1. Any idea which residue in the range A:68-91 is modelled with the lowest pLDDT, counting only those that are part of a helix (DSSP H, G or I) and more than 7 Å from chain B (Cβ to nearest Cβ)?
2. Give A:ALA249, A:ALA197, A:ALA234, A:ALA266 a once-over and let me know the one that is outside the structural domain of A:GLY35 (by TED's automatic domain parsing) and touching a helix residue (DSSP H, G or I) at 6+ places or on another chain (Cβ under 9 Å).
3. Keeping to the range B:12-27, report how many residues are more than 8 Å from chain A (Cβ to nearest Cβ) and touching a helix residue (DSSP H, G or I) at 6+ places or on another chain (Cβ under 8 Å).
4. Can you tell me which residues in the range B:264-289 are free of Cβ contacts under 8 Å to residues at least 12 places away in the same chain and closer than 23 Å to B:ALA341 by Cα?
5. So how many residues does the range A:68-115 have that are in contact with a Lys or Arg (Cβ under 8 Å, 6 or more places away or on another chain), surrounded by fewer than 19 Cβ atoms within 10 Å (Cβ to Cβ) and aliphatic (A, V, I, L, M)?
6. Kindly list the number of the only condition in (1) loosely packed, with under 14 Cβ neighbours inside 10 Å; (2) at pLDDT 85 or above that fails for B:ILE102.
7. Which residue out of B:ILE218, B:ILE234, B:ILE292, B:ILE229 is within 14 Å of chain A (Cβ to nearest Cβ), touching a residue at least 24 places away in the same chain (Cβ under 8 Å), touching a helix residue (DSSP H, G or I) at 6+ places or on another chain (Cβ under 8 Å) and aliphatic (A, V, I, L, M)?
8. With respect to A:HIS260, is the statement that it is within 20 Å of A:ILE298 (Cβ to Cβ) and crowded, with 19+ Cβ neighbours inside 10 Å true?
Amino acid sequence: MSNAAVAVRGVGKRFGETEALTDVSFEARHGELFGLVGPDGAGKTTLFRVLTTFLLPDAGSATVLGLDVVRDLWAIRARVGYMPGRFSLYGDLTVAENLSFFASVFGTTIEEGYDLIAPIYRQIESFSGRRADALSGGMKQKLALSCALVHRPDILFLDEPTTGVDAVSRSEFWDQLHTLRESGLTIVVSTPYMDEAMRCDRVALMQGGRILEIDPPGEIGSRYPLPLVAVTGADRYRLLLSLRKAPHAHAVYPFGSELHYTDNRAGLDPGEVASELRDYARGQGFGDVEITAIAAGIEDSFMELMPAPVQRAS
Amino acid sequence: MNLRIVRVLLRKEYLQLFRDKMMLRQMLMLPFIQLLLLSTAATFEVKTANLYLVDRDHSVASRGLVDRLRASGRFRVADASPSMKLADDALLRRSAGMILGIPAGFERDAVRTRSASLQLVFNAEDGALAGVTNSYAQQIIAAYARELGVTFKPMVMETPHIEIRTRGWYNQELDYKDYMVPGILVQLLTLVGTLLTAMNIVREKELGTLEQLNVTPIPRSAFIAAKLIPLWTIALAELSLGLMVARWVFGVPMRGSLVLVFFAACIYLVVALGIGLWISTTVDTQQQAMFISFFLILIYLLMSGLFTPTRSMPEWAQWMAELNPVKHFIWIMRAVLLKGAGLADVARPLAILAASGAVVLTLAVRQYVKTSA
């Protein structure tokens with residue numbers, strides 16, 4: 001038995017022809033804020049459903065709090081807090097009724113769990129008589145988190161908790177997660193957003209049902225295998241097209257106001273790449289480009305790890 | 001089963017049921033409106049039938065017959081001529097619904113041989129209407145025959161394009177209400193038991209709350225119990241309401257024991273709820289649940305003997321009807337309410353219902369556990 005809060009070993013799950021999870025393995029430590037990062041369809045939700053005993057894995061094994069997800073499912077269910085990706089509380093019940101229902105299902109009361117949920121619940125408490133379906137997205141999310149926490153779980157699973165929530169509420173929500181983590185709660189959270197991934201202790205990059213890399217978010221880029229430079233210049237779009245045609249171009253993506261250029265010669269000094277590329281750009285008629293060697297970030301890694309280019313908001 | 005959790009879930013279910021004012025109102029209105037429509041508007045009773053008279057006898061006896069038909073208020077002589085051809089045309093044009101043919105020598109035969117021939121021809125496009133009109137006419141003619149002390153025998157019709165179908169109505173007085181109301185109450189219970197159960201469970205699937213509940217320590221047995229018990233009680237409340245309306249608004253007789261009616265309803269509802277639960281396991285949306293429920297309920301009702309007697313169905317259909325819980329419950333309701341049948345009289349259909357209830361519920365619960373595992 002492992003000391004990890006979550007231990008997943010070689011888990012696979014398929015739905016008919018689709019392989020939703022393939023040989024997924026990772027461990028999340030006690031008290032850790034662990035992130036699963038990946039685009040839609042990466043397998044994050046399926047993994048959550050396996051860990052919360054909602055689905056049986058086809059292959060491999062997994063333990064949560066040292067309990068097997070297949071054998072000890074009732075023990076797990078009593079100690080886990082789960083917030084599914086979709087809002088799934090009772091819209092025709094009030095805020096207070098929802099909360100007290102979920103408390104009583106676990107044999108407890110709102111009062112007993114109040115100090116834990118207070119920082120979150122206090123913000124919606126004045127609406128306690130309002131029907132849940134009349135709440136705004138941010139308030140629904142706070143209610144859902146309160147309902148997942150009211151029985152004082154030992155571990156919290158949050159499946160894309162900030163989807164459909166405005167930017168301010170998102171940031172607040174992550175502040176609350178950090179507060180909860182400081183109280184010793186283990187949190188496993190999935191997100192499609194890179195900025196949220198940065199706020200986790202460690203993240204696992206997921207794509208196509210596989211885990212690509214597991215590292216603290218700040219270190220994810222350290223294993224970037226190729227030299228990388230940032231390019232800025234006028235007429236960004238033409239510059240992008242032109243750089244993609246450079247003789248050793250591996251990948252060129254727009255990142256904010258810059259372009260990130262990856263060279264396909266591993267081990268080459270990025271400074272050398274920068275000066276080489278400067279000459280190339282001048283030759284193509286881009287006189288004013290500024291090119292600097294940079295260290296890869298989590299987004300660069302993600303782009304690199306993913307087999308096909310994805311749309312990203314910039 | 002964890003009773004504490006069942007209680008918690010039950011509280012939530014009742015809270016939700018009573019919060020849905022729209023549905024509550026509908027459930028209160030439904031028995032009234034259904035009983036009102038089906039038992040008064042949708043009656044088989046025929047007010048007046050247009051009669052074409054072909055009187056070739058022109059005697060006191062023939063006139064007496066026509067007078068009696070007319071005096072009943074149920075027949076109006078729309079036209080008269082000695083020509084059967086013209087009468088046929090009137091029937092085809094629908095200006096008359098029936099032909100009364102009185103052959104020449106009608107009175108003479110009646111007096112001499114105490115037996116005479118008569119001809120009744122109906123437009124049987126609407127078989128039920130023709131059947132009812134026929135039964136009225138037969139009654140009046142029979143009464144007139146008794147009055148004269150003679151027998152009238154039907155004349156064989158030779159026009160091939162008119163088909164007369166004879167139906168056996170076991171309610172000669174056409175007390176349609178008494179006959180329909182118990183059946184309508186059964187239909188009401190079936191709707192609540194099957195349709196609402198299926199939709200209620202599927203709604204949790206649709207909302208995603210089922211996923212949330214499945215990650216809590218709620219055993220499936222507790223979940224199912226908490227889903228079925230409220231609808232079971234609501235269906236029984238509907239039955240009480242329906243019986244009150246039937247008794248006090250429509251004056252339907254209640255000759256048997258009401259305790260027996262409720263006892264049978266409790267057993268029947270297990271079947272109806274079990275079917276609802278089974279439907280909920282096979283579908284993903286409320287729309288699908290609704291469609292499958294209606295599909296099943298309509299077939300059950302049509303094959304139940306509510307509208308047409310099962311005895312007049314082909315043999316395979318009668319066998320199918322034996323498996324139809326609606327049929328058995330309608331049979332019990334009619335027997336107890338109208339005939340005052342006791343427990344011993346309805347023991348067989350009751351046993352069939354109990355057995356189906358056990359089978360359906362077991363299968364549905366198994367299926368539920370399997371699909372949500």
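The values are calculated or read from the model by the stated rules, or taken from the named source; none is laboratory data. Every value quoted in this text rests on a predicted model; they were computed, and no experiment measured them. Here the Cβ positions follow ideal geometry from the backbone for every residue, glycine too, while neighbour counts run over all protein chains shown.
1. Taking the range A:68-91 and keeping what is part of a helix (DSSP H, G or I), we get A:73-79.
In the following step, the residues that additionally are more than 7 Å from chain B (Cβ to nearest Cβ) were identified as A:73, A:75-76, A:79.
On the way: A:LEU73: 88, A:ALA75: 92, A:ILE76: 93, A:ARG79: 93.
Ranking the candidates gives A:LEU73 first.
2. On the way: A:ALA197 fails: outside the structural domain of A:GLY35 (by TED's automatic domain parsing); A:ALA234 fails: touching a helix residue (DSSP H, G or I) at 6+ places or on another chain (Cβ under 9 Å); A:ALA266 fails: touching a helix residue (DSSP H, G or I) at 6+ places or on another chain (Cβ under 9 Å).
After ruling out the rest, the residue left standing is A:ALA249.
3. As a first pass, look at the range B:12-27 and keep what is more than 8 Å from chain A (Cβ to nearest Cβ): B:13-14, B:17-18, B:21-27.
Still in the running and touching a helix residue (DSSP H, G or I) at 6+ places or on another chain (Cβ under 8 Å): B:13-14, B:17-18, B:23-24, B:27.
Summing the residues that are more than 8 Å from chain A (Cβ to nearest Cβ) and touching a helix residue (DSSP H, G or I) at 6+ places or on another chain (Cβ under 8 Å) in the range B:12-27 gives 7.
4. First pass over the range B:264-289, keeping only residues free of Cβ contacts under 8 Å to residues at least 12 places away in the same chain: B:287.
Hits for the range B:264-289: nothing passes.
5. Total meeting the criteria: 0.
6. Going through the list (1) loosely packed, with under 14 Cβ neighbours inside 10 Å; (2) at pLDDT 85 or above, B:ILE102 breaks only (1).
7. Values: B:ILE234 fails: within 14 Å of chain A (Cβ to nearest Cβ); B:ILE292 fails: within 14 Å of chain A (Cβ to nearest Cβ); B:ILE229 fails: within 14 Å of chain A (Cβ to nearest Cβ).
Only one candidate passes the filter, namely B:ILE218.
8. Details: within 20 Å of A:ILE298 (Cβ to Cβ): yes; crowded, with 19+ Cβ neighbours inside 10 Å: yes.
Considered against the rule, which asks whether it is within 20 Å of A:ILE298 (Cβ to Cβ) and crowded, with 19+ Cβ neighbours inside 10 Å, A:HIS260 comes out as yes.
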